[in-house]
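Engineer: What follows is a single structure, and I will ask about it in a moment.
The values are calculated or read from the model by the stated rules, or taken from the named source; none is laboratory data. Since we're looking at a predicted model, the values are computed, not measured. Positions of Cβ are generated from backbone atoms using ideal geometry, with glycine treated the same way; all protein chains shown enter the neighbour counts.
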Amino acid sequence: MGRSTETFSKKEREKKKSIKLKEKKEKAEERKANAGSGKTLDEMMAYIDEDGNITSTPPDPNKRKRIISEEDIQISVPKQAALTEADLIRNGIVTMFNTSKGFGFIRDLQSQESIFFHVNGLTEEVKENDKVTFETEQGQKGLNAVKVKKAPKAV
């Protein structure tokens with residue numbers, strides 16, 4: 001039979017393994033010895049006092065600053081006020097109109113935004129720089145002007 005091939009480096013590795021194992025067992029025993037039942041629920045509770053600071057004592061109910069009623073809490077979006085017919089009709093100026101392609105843009109005089117219109121939304125013929133009245137509706141890419149007609153001239 002051949003001789004055992006235990007070398008110095010193998011002995012060192014085994015020694016290190018055994019030392020690590022012993023340390024691990026010692027740490028586990030130490031944790032078991034020091035482990036109590038932990039803190040009670042009351043010890044773990046945190047409270048917020050009347051000034052908004054975290055404390056370990058419950059706040060005094062007599063020192064509350066504000067009482068919130070259920071009616072004050074608004075969960076949904078507020079309803080919009082019903083629009084009158086005068087609000088629906090807008091005034092503007094035709095800034096660009098391409099007759100061959102059949103579309104153009106109106107600059108709203110109130111909001112200064114540019115609103116698209118199509119020739120199908122015209123009730124009478126218009127050209128660039130005409131003052132017009134129109135209504136808006138939501139299109140695929142934004143607001144579209146519909147029922148576009150020339151504004152009555154002031155006398």
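Engineer: Going through region 26-47 one residue at a time, which ones are modelled with pLDDT of 85 or more and of a type in the set (A, V, I, L, M)?
Structural biologist: Within region 26-47, ALA28, MET45, ALA46 meet the criteria.
Engineer: List every residue pair whose Cβ atoms sit under 7 Å apart, with the two residues 6 or more apart in sequence or on different chains, where the first one lies in region 132-147 and is assigned to a strand (DSSP E or B) and modelled with pLDDT of 90 or more and the second, anywhere, is among the charged types (D, E, K, R) and surrounded by fewer than 14 Cβ atoms within 10 Å (Cβ to Cβ).
Structural biologist: Pairs found: ASN144/GLU137; VAL146/GLU137.
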